[in-house]
Amino acid sequence: MQEIIDRLAFVTTALRDARNKFVNKRHDELVRFVFCAIDKEIRIVTTLKFLCAQVNGYVDHEFSIGILSRSLLMDMILTMEIKQLCVNHENNNKDELTLKVKKSAYKFISDGTTHIIEEIRGSEKYTASEKDNLIELFSSLFHEAFEIKNNSPKLKADYRVNLTEIAKNSLLKPNPIYNDILDLYRFYSKYDHLSHWTALSQSIELSKRLSRFETVSRLIVLHSRDLLSIGYDFCEGYKSLLPTIEGLQNYWQEHDSLKQS
């Protein structure tokens, strides 16, 4: 367990250093995606580190570890789409690839907006006029992703995030890292979704459950490297991320046994 805690501590330090490079700068859709993903990961990994230090004395902490892990694994699946765009790009036109990557990032950061709009629409706290103004405000932030139907903004089909579709496309070419991400996401989904399996999952021996999380902690190192690499490769003014990327890559090579990335 101490090895896992040390790994999480290393990632937290690396990401905090990287996050500082995004502060007080203009964010386009891609920079915003990378920044929000890093910021979320720091918060989750910090909590995971605390829970891991306590889990031997409070075994129920492993359940919380699983739910938090699922959230990060979901972000890893999103990042898989961007990695696949890079792998499958058929020419050396960097500008063309950048546009594709930015469209994916725009989709990811705008997707949640439709849920906010639905919450506003169903709220009893606002008048009809206030609802219209708030909905217009939120949809205007991501105007490319929305179209007006029946005087109301609707998210365009091209901007809907479909994890199942991303996962399906990622498996077209064998990749053990992607297989691990998807397998663990499915496993921890049983923690997060209330069903017959929610309680039964806790009957699995603790050491076996923690072994799964050890794999998650290794994947967190790669995910951090990949997020920062997206910033380095496609965001103007972020070449200073390179030392942190190299530090994560070196840590992976020196400490972790999963070699294919």
Restricting to the stretch 129-148, name every residue that is hydrophobic (A, V, I, L, M, F, W, C) and within 23 Å of the chain's Cα centre (by Cα). F138, L141, F142, A145, F146
K40 fails exactly one of (1) more than 30 Å from G237 (Cβ to Cβ); (2) modelled with pLDDT of 95 or more; (3) surrounded by fewer than 21 Cβ atoms within 10 Å (Cβ to Cβ), namely (1)
Exactly one of (1) surrounded by fewer than 18 Cβ atoms within 10 Å (Cβ to Cβ); (2) among the polar types (S, T, N, Q); (3) more than 16 Å from C36 (Cα to Cα) is unmet by S71. Its number? (3)
So, first residue touching a residue at least 24 places away in the same chain (Cβ under 8 Å) and farther than 20 Å from T244 by Cα in the stretch 21-32, second residue of a type in the set (A, V, I, L, M, F, W, C) and surrounded by 12 or more Cβ atoms within 10 Å (Cβ to Cβ), Cβ within less than 6 Å, six or more apart or across chains; the pairs are E29/A105
Given the conditions (1) in contact with a helix residue (DSSP H, G or I) (Cβ under 7 Å, 6 or more places away or on another chain); (2) assigned to a helix (DSSP H, G or I), and given that V59 satisfies all but one, which numbered condition is not satisfied? (2)
Are any residues in the stretch 217-241 of a type in the set (F, W, Y) and within 18 Å of the chain's Cα centre (by Cα), and if so, which ones? Y232, F234
Only one of (1) within 18 Å of the chain's Cα centre (by Cα); (2) of a type in the set (A, V, I, L, M, F, W, C); (3) modelled with pLDDT of 90 or more; (4) closer than 27 Å to V101 by Cβ fails for I166. Which number is that? (3)
Complete set of residues in the stretch 201-219 that are free of Cβ contacts under 8 Å to residues at least 12 places away in the same chain and of a type in the set (V, I, T): I204
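Look at S64 and say whether it is surrounded by 14 or more Cβ atoms within 10 Å (Cβ to Cβ), hydroxyl-bearing (S, T, Y) and either assigned to a loop (DSSP other than H, G, I, E, B) or under 14 Å from the mean Cα position of the chain (by Cα) (or both). Show your work before the answer.
Details: surrounded by 14 or more Cβ atoms within 10 Å (Cβ to Cβ): yes; hydroxyl-bearing (S, T, Y): yes; either assigned to a loop (DSSP other than H, G, I, E, B) or under 14 Å from the mean Cα position of the chain (by Cα) (or both): no.
For S64, the condition - surrounded by 14 or more Cβ atoms within 10 Å (Cβ to Cβ), hydroxyl-bearing (S, T, Y) and either assigned to a loop (DSSP other than H, G, I, E, B) or under 14 Å from the mean Cα position of the chain (by Cα) (or both) - is not met.
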List the residue pairs whose Cβ atoms are under 9 Å apart, where the first residue sits in the stretch 45-66 and is on the phi > 0 side of the Ramachandran plot, the second is surrounded by fewer than 21 Cβ atoms within 10 Å (Cβ to Cβ), and the two are 6 or more positions apart or on different chains. none
Which residues, counting only those in the stretch 203-261, are among the small types (G, A, S), under 15 Å from F187 (Cβ atoms) and crowded, with 19+ Cβ neighbours inside 10 Å? S217
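If I ask for residues that are under 27 Å from the mean Cα position of the chain (by Cα), more than 23 Å from M80 (Cβ to Cβ) and of a type in the set (D, E), which ones from the stretch 96-128 would you list? Walk me through it before giving the result.
Going through the stretch 96-128, the residues under 27 Å from the mean Cα position of the chain (by Cα) turn out to be 96-120.
Cutting the leftovers down to more than 23 Å from M80 (Cβ to Cβ) gives us 116-120.
Result: E118, E119.
Return the only residue of K107, K131, K102 being out of contact with any Phe, Trp or Tyr (no Cβ under 6 Å at 6 or more places or on another chain), touching a residue at least 24 places away in the same chain (Cβ under 8 Å) and either not charged (D, E, K, R) or not in a loop (DSSP other than H, G, I, E, B) (or both). Can you show your working first?
Values: K107 fails: out of contact with any Phe, Trp or Tyr (no Cβ under 6 Å at 6 or more places or on another chain); K131 fails: touching a residue at least 24 places away in the same chain (Cβ under 8 Å).
None of the other options fit; the residue is K102.
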Tally the residues that are farther than 15 Å from E118 by Cα, exposed (fewer than 11 other Cβ atoms within 10 Å of the Cβ) and among the charged types (D, E, K, R), restricting the search to the stretch 134-180. 2
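The values are calculated or read from the model by the stated rules, or taken from the named source; none is laboratory data. Please read these numbers as outputs of a predicted model, since none were measured by experiment. Note that each Cβ is placed from the backbone with ideal geometry, even for glycine, and that neighbours are counted across all protein chains shown.
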